[in-house]
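Beneath this line is the structure, given in structure tokens, with notes to follow.
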Amino acid sequence: MTSFLKFAELCQKVEGTSGSLDKIDLVAAFVKELEDGELAIASNFVMGTVFPDSETVLGVGPSILYEALARACGCTSDQIQETLRATGDPGLVAYAVAEKRRPLNLAAFGRTDALTIADVFERFISISRASGKRSQEAKVKNLQFLFGEASPLEARYIARLAMEDLRIGVGEGVARDAIAKAFGQPAELVERGYNLTNDIGLVAQHAKHGTLSSLNVKINHPIKMMLAQLGDTIPSALQEMRNAAIEWKFDGARVQIHKEGEKVRIYSRRMENVTLSLPEISKVTIKQVMAKSAILDGEAVATGDDGRPLPFQDILKRFRRKYDVEKLAVQIPLHLHLFDLIYLDGNSLIDRPLSERRQLLSSIADSELVASQVLTDNPEEAERIYKEALDAGHEGIMIKNPDSVYAPGKRGKNWLKIKPVMETLDLVVIGATWGEGRRASFLGSYRLACADLDSGKLLDIGWVATGLTDEVLSELTETFKDLILVQKGMEVELKPAVIFEVAYEEIQKSTNYSSGFALRFPRLVAVRDDKSVEEADTMERVTSIYRLQRGRNPKGHVKG
Ligand code: AMP
């Protein structure tokens, strides 16, 4: 059994190391020595994840965390707030507070041994299971127990794990390469396993036993969705492919549907189980998809009385709604457009070409559900479909390579999207300021960041404030209240958890922000509840749009 202290020491070393290669070495040396069970836990922990599946939610916010810390360490919430203002980091607060309290007395808790990685995980399971009226108190008690037993260094990383933000700069890339290195496996095989299962712990165990290739698509386990790259123009996109499959790019939200007999599970783009919110999608799948078992990929579109797509926010309402679902389904009906088939009757189809997957899709699903597809190499024909899609209120077209395999989690050249509008950015909200006067009770403007994959850090790129009505501000303030980590004067630092889709006129170079870029006239387009922080846009994408806009238009506007 490996002690949690050893894990905390690893985190401290990794946190103090800047290069990814050194981080990979440290993590590899650590995971190499672990037993199967703790290997699975630590592989998740090191990425700041507690539970690999989105169905288990830890549900700890700053208020629960600081209450537990105050109780365990015998200090007041004022003292905690003061340390928080000075450090701006829940981990450092936990460290400072734990350092000041009386020395540990393990025997008093009925334990004589040190906290292990598995002990911490067990407590996190209890925390996630707490439900009902007294759930807050139960969560606090479990965390209090952990802090009660932890040394200052352990407390630092327990606090950060509880916030699921470890801040040591280990993301998917470092974890993948470390596992590959530890067990002498090719990084591509580790990545493949991760994209198929979404469970780095399971992947690490298979890497250890040399059985990575046995990992495959499994029904009722969401797999990462294949993504699209932004195409430049229709002719250039067509040139990328021998012959192209053109589909509408529907203005809706992605769904991955797992059908097993009469049982259906629906996963959102974030791989959350949204089955209960989308009953009509389950119904049409059962009625109109003739397969014993299948994993289907498609878009759910909310349609108004005129048959045109409703705004994205309406679809999100449907995805979020947990009660009175049927009532909302009448107001905001959803229509399913299937465009891919990943698995059929016990067999994975991901290595088959798109053309074959589509043929199979058409053979099992009612034609009403299957997105039309036209094979062509003629730019005029593609333009015609593009115009037709826009006229119908959709986003544009997808140009797909009919020979391509289904690449889970990949944003490659085999799916190109053509849209007329400037590409928006999906940015993480990391801070905010309180408003003034009439708006003093609202968080008014929001600090945005993009992800730097090299360092694993979030880098700020500016603020968004304009275009928000009082109603929106009040809703946002509610959303963010429990994510406040630190309050410094009018400014707050927020736990990175929410993605804003932001439009802007131009990306400019700037020395004001750590990304080195700033957005000109940023405007909030949507709160992307369907996206996770891991899906935030990266420095690489910001840089590439910056270059693209300069190349295309001297004024800096990006046009599709
Ligand atoms: P984006 O979110 O801009 O990267 O565009 C990719 C998204 O477009 C996918 O995740 C789907 O939700 C959506 N989409 C709409 N129509 C299609 C289609 N025919 N094929 C693939 N994706 C589509």
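Things to note:
- Remark: the range 196-300 carries 39 Å² of accessible area per residue (probe radius 1.4 Å; ligands, DNA and RNA excluded).
- Counted charge near Phe480, where neighbours are those whose Cβ lies closer than 14 Å (Asp, Glu -1; Lys, Arg +1): -3
- 3J(HN,Hα) couplings calculated from phi for the range 506-515 with the Karplus curve 6.51 cos²θ - 1.76 cosθ + 1.60 (θ = phi - 60°) are, in sequence order, 6, 9, 10, 6, 7, 9, 6, 10, 5, 6 Hz; Gly and Pro show x.
- Largest first and in whole Å, the equivalent-ellipsoid semi-axes of the range 25-89 read 31, 16, 11, each the square root of five times a Cα gyration tensor eigenvalue.
- Dipole magnitude of the range 441-482, debye to nearest 20 (Cβ charges: Lys/Arg +1, Asp/Glu -1, about Cα centre): 140
- Principal-axis tilt of helix 539-552 within the chain, Cα atoms, nearest 10 degrees: 40
- Amide H contacts of Ser515 (H built 1.01 Å from N, under 5 Å, at least 5 apart or other chain): Asp460
- Cα gyration tensor category, rounded, prolate or oblate, for the range 49-162 with a/c compared to 1.5: oblate
- Degrees separating the helix 172-182 axis from the principal Cα axis of the chain, which is the longest one: 70
- Taken about its Cα centre, the range 26-139 carries a charge dipole of roughly 520 debye when the Cβ of each Lys and Arg holds +1 and the Cβ of each Asp and Glu holds -1.
- Relative to the dominant Cα principal axis of the chain, helix 117-129 is inclined by about 60°.
- Electrostatic bookkeeping for Thr49 treats Lys and Arg as +1 and Asp and Glu as -1; over the other residues with beta carbon under 14 Å from its beta carbon, the sum is -3.
- Amide H contacts for Phe442 (H built 1.01 Å from N in the peptide plane; partners 5 or more residues away or on another chain; cut-off under 5 Å): Gly435.
- Mean projected area of the convex hull spanned by the Cα atoms of the range 74-233, taken over all viewing directions: 15.2 nm².
- Expressed in Å, the radius of gyration and Dmax of the Cα atoms of the range 186-289 are 17.5, 48.
- Label zone at Thr233 (point 7 Å along Cα-to-Cβ), backbone N below 18 Å, the range 406-441: 416-423
- Only Cα sites of the range 336-397 enter the Debye sum here, all with the same form factor; the resulting log10 I(q)/I(0) across q = 0.12, 0.13, 0.16, 0.28 1/Å is -0.38, -0.44, -0.63, -1.15, listed in q order.
- Percent carbon-and-sulfur accessible area, the range 424-556, ignoring ligands, DNA and RNA, probe 1.4 Å: 49
- What you get for the chain, charging only the Cβ of Lys and Arg (+1) and of Asp and Glu (-1), is a dipole of about 540 debye around the Cα centre.
- Taking the range 49-162 and dividing mean pair separation by its residue count, relative contact order in percent (alpha carbons under 8 Å, at least six apart): 42
- Whole-Å distance, taken between Cα centres, linking the range 265-294 and the range 140-166: 38
- Accessible surface of the range 227-417, 1.4 Å probe, proportion on carbon and sulfur as whole %: 49
- Cα centroid separation, the range 428-459 to the range 188-255: 31 Å.
- If R0 is 60 Å, the Cβ-Cβ spacing of Asp53 and Glu380 corresponds to a FRET efficiency of close to 0.80.
- For the range 227-417, the calculated P(r) over all alpha carbon pairs, in 5 Å bins from 0 to the bin holding the longest distance, is 1, 8, 16, 20, 20, 17, 11, 5, 1, 0 percent.
- Take every pair of alpha-carbon atoms less than 8 Å apart whose residues are at least six positions apart; their mean separation over the length of the chain yields a relative contact order of 13 percent.
- A convex hull fitted around the alpha carbon atoms of the range 424-556 yields 113 Å³ per residue.
- Potential lengthening between Ala29 and Ile286 on full extension [0.36 nm per residue; Cα-Cα distance subtracted]: 87.7 nm
- The gain in end-to-end length when the Asp345 to Gln508 segment is fully stretched comes to 53.6 nm, 0.36 nm per residue minus the alpha carbon separation.
- Percent accessible area from carbon and sulfur atoms, the range 49-162, protein chains only, probe 1.4 Å: 49
- Entry comment: accessible area of the range 424-556 is 47 Å² per residue, from protein heavy atoms only and a probe of 1.4 Å.
- Built amide H within the under 5 Å cut-off of Met163, gap 5+: none
- Asp177 exposes around 50 Å² of accessible area when a 1.4 Å probe is run over every protein chain in place.
- The chain, helix-only ellipticity at 222 nm - DSSP H runs n ≥ 4, -39,500 (n - 2.57), divided by all residues, nearest 500: -12000 deg cm²/dmol
- Dipole of the range 390-544 computed with +1 at Lys/Arg Cβ and -1 at Asp/Glu Cβ about the Cα centre; of Ser532, Ala518, Gly489, farthest Cα towards the positive end is Ala518.
- Isotropic mean projected area of the C-alpha convex hull, the chain (nm²): 26.9
- For the range 322-382, the solvent-accessible area works out to 54 Å² per residue, with a probe of 1.4 Å and every protein chain left in place.
The values are calculated or read from the model by the stated rules, or taken from the named source; none is laboratory data. All values derive from a computational prediction rather than experimental measurement. With ideal geometry, Cβ positions are generated from the backbone for all residues, glycine too; neighbour counts draw on all protein chains shown. Each accessible area value is taken on the protein alone, full model and side chains, heavy atoms only, with ligands, DNA and RNA left out. Shrake-Rupley method; radii C 1.70, N 1.55, O 1.52, S 1.80 Å.
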